[in-house]
Amino acid sequence: MKDFIIPDRDFGTPASKSKTMVTLTIDGFDVTVPEGTSIMRAAAEIGISVPKLCASDNMEAFGSCRLCLVEIEGRNGTPASCTTPVAPGLKVHTQNSKLKQLRRGVMELYISDHPLDCLTCAANGDCELQDMAGAVGLRDVRYEAAPTGEFANHFKAKNTSGEANPQWLPKDNSNPYFAYDPAKCIVCSRCVRACEEVQGTFALTIEGRGFDSRVSFGAKTDDALASDCVSCGACVQACPTATLQEKSVIDIGTPDRSIITTCAYCGVGCSFKAEMRGDELVRMTPYKHGKANRGHSCVKGRFAYGYATHQDRILKPMIRDSIDQPWQEVSWAEAMDFAAAKMKGIQAKYGRNSVGVITSSRCTNEETYL
């Protein structure tokens, strides 16, 4: 299914702008990268994928998921590769039995507090948590949290006796474009950081401590629609699970192919991936390599694409002689002749500078100039 989706390669952390180059060895391969580059990105540059859940190359390194642990010869411990910068002469190991065991143990903890409904989940086949569980070789989960009480998990509303779980939070469907399911959240903070670093709205935050930590839409409300959210979709795109999911994906299903296109809502020219399922459009995802938008967009391009097939969309030119007359559908030739005749008449009566033109915001810059 994913073979037809145009991939957006993620290097884990942003590129360094330093002009000073550093050479190190990763899994026996020499790599030269700019100073300040993370070990994770340096590994990705030579095709070595280090497991990750909290890292993304459009946001600063965070180091919370602990899946990207590596070993460095001559140094103690297993540092996170996303937050550890390269240094000359480093010898890094990303794969060995010790690291595999550590990563598998971390993933086991994530899965122990996550609903195992993959077959019915809207993100099945398009879930980074699912992918990483496979990448680290997780086959069994030894831990099971109590359904209620101090150590209750977050995804069961009630235990077998019908007692309410104080850790459980209901699904939030208040936003018209996406759903928020707290039961599936792994508290990676990617949504919070995307709202802060990519969009700059600061509508999301993490509240609570330790096991009680959760994503919140602010101190004043737990309602996504009533918060400061501008529905840009940056948090949805950043989410590695189905915690934040487009309602169109929930209704239609996971896309099976994508097409690079340009948003037609305004003249900025944002690049998008139109993700399809068969002949039906499932979602519009900002294209990472778009020169105008660089992987981000506003609510119109991200979610309001329905205007293209809306029943009220005007598909043929219409004219009228005065404001009190009804519109009449005509051919394009008739419409152009009508407009030209009207403009010539106004110019003849009031002069050449008497004509002004209002164009649609959905025209491209080139069309507006003409």
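The values are calculated or read from the model by the stated rules, or taken from the named source; none is laboratory data. Just so it is clear, the structure is predicted and the values come from calculations on it, not from any experiment. Cβ sites come from the backbone with ideal geometry, for glycine too, and all protein chains shown count toward neighbours.
Mind listing whichever residues of the stretch 5-21 are touching a strand residue (DSSP E or B) at 6+ places or on another chain (Cβ under 9 Å) and either at pLDDT below 95 or among the small types (Gly, Ala, Ser) (or both)? Correct list: Ile5, Ile6, Asp8, Gly12, Ala15, Ser16, Ser18. Can you find a residue in the stretch 316-330 that is touching a His at 6+ places or on another chain (Cβ under 7 Å) and surrounded by 10 or more Cβ atoms within 10 Å (Cβ to Cβ)? There is no residue in the stretch 316-330 that is touching a His at 6+ places or on another chain (Cβ under 7 Å) and surrounded by 10 or more Cβ atoms within 10 Å (Cβ to Cβ).
A count restricted to the stretch 302-323 and to residues that are closer than 30 Å to Ala194 by Cβ and assigned to a loop (DSSP other than H, G, I, E, B) stands at 2.
Among the residues making up the stretch 269-301, those that are surrounded by fewer than 17 Cβ atoms within 10 Å (Cβ to Cβ) and part of a loop (DSSP other than H, G, I, E, B) are Gly269, Gly278, Asp279, His289, Lys291, Ala292, Arg294.
Does any residue of the stretch 244-266 turn out to be of a type outside the set (A, V, I, L, M, F, W, C) and at pLDDT below 90? There is at least one residue in the stretch 244-266 that is of a type outside the set (A, V, I, L, M, F, W, C) and at pLDDT below 90.
Tallying residues that are closer than 16 Å to Ala80 by Cβ and of a type in the set (D, E, K, R) within the stretch 11-43 yields 1. The number of residues in the stretch 93-140 that are assigned to a loop (DSSP other than H, G, I, E, B) and surrounded by fewer than 18 Cβ atoms within 10 Å (Cβ to Cβ) comes to 11.
Filtering the stretch 217-252 to residues that are in contact (Cβ under 8 Å) with a residue 60 or more places away in the chain and on the phi > 0 side of the Ramachandran plot leaves Ser231, Gly233.
Kindly indicate whether any position in the stretch 38-58 is among the acidic types (Asp, Glu) and either under 27 Å from the mean Cα position of the chain (by Cα) or closer than 28 Å to Ile206 by Cα (or both). Scanning the stretch 38-58, I find at least one residue that is among the acidic types (Asp, Glu) and either under 27 Å from the mean Cα position of the chain (by Cα) or closer than 28 Å to Ile206 by Cα (or both), so the answer is yes.
Does Tyr305 meet the test of being aromatic (Phe, Trp, Tyr), touching a strand residue (DSSP E or B) at 6+ places or on another chain (Cβ under 7 Å) and outside the structural domain of Ser361 (by TED's automatic domain parsing)? Here the answer is yes, as Tyr305 does meet what is asked. Of Thr84, Thr25, Thr94, Thr13, all but one fail to be of a type in the set (Ser, Thr, Tyr) and over 28 Å from Cys185 (Cβ atoms); the exception is Thr25. Residues that are surrounded by fewer than 17 Cβ atoms within 10 Å (Cβ to Cβ), part of a loop (DSSP other than H, G, I, E, B) and of a type in the set (A, V, I, L, M) do not occur anywhere in the stretch 54-63.
Within the stretch 263-288, if we keep just the residues that are of a type in the set (Ser, Thr, Tyr) and in contact (Cβ under 8 Å) with a residue 60 or more places away in the chain, the residue that is nearest to Glu366 (Cα to Cα) turns out to be Tyr265. Taking the stretch 186-234 as the range and being among the aromatic types (Phe, Trp, Tyr) and surrounded by fewer than 20 Cβ atoms within 10 Å (Cβ to Cβ) as the test, the residues that pass are Phe202, Phe211. Taking the criterion of being free of Cβ contacts under 8 Å to residues at least 12 places away in the same chain, more than 20 Å from Arg362 (Cα to Cα) and not in a loop (DSSP other than H, G, I, E, B), the residues of the stretch 324-338 that qualify are Gln328, Ala333, Asp337. Of the residues making up the stretch 245-266, those that are farther than 17 Å from Asp126 by Cα and in contact with a helix residue (DSSP H, G or I) (Cβ under 9 Å, 6 or more places away or on another chain) are Cys263, Ala264, Tyr265, Cys266. Considering (1) in a loop (DSSP other than H, G, I, E, B); (2) at pLDDT below 95, the lone condition that Pro88 does not fulfil carries the number (2). Just one of the listed residues (Gln347, Gln245, Gln311) is of a type outside the set (Asp, Glu) and surrounded by 15 or more Cβ atoms within 10 Å (Cβ to Cβ), and it is Gln245. Restricted to the stretch 277-332, and to residues that are among the hydroxyl-bearing types (Ser, Thr, Tyr) and at pLDDT 95 or above, which residue is farthest from Phe11 (Cα to Cα)? Across the stretch 277-332, the extreme among qualifying residues is Ser331. Taken over the stretch 27-53, the criterion of being outside any loop (DSSP other than H, G, I, E, B) and surrounded by fewer than 18 Cβ atoms within 10 Å (Cβ to Cβ) is satisfied by Phe29, Asp30, Thr32, Pro34, Glu45. Considered as a group, the residues in the stretch 10-26 that are among the hydrophobic types (A, V, I, L, M, F, W, C) and touching a residue at least 40 places away in the same chain (Cβ under 8 Å) include one that is surrounded by the fewest Cβ atoms within 10 Å (Cβ to Cβ), and that residue is Ala15.
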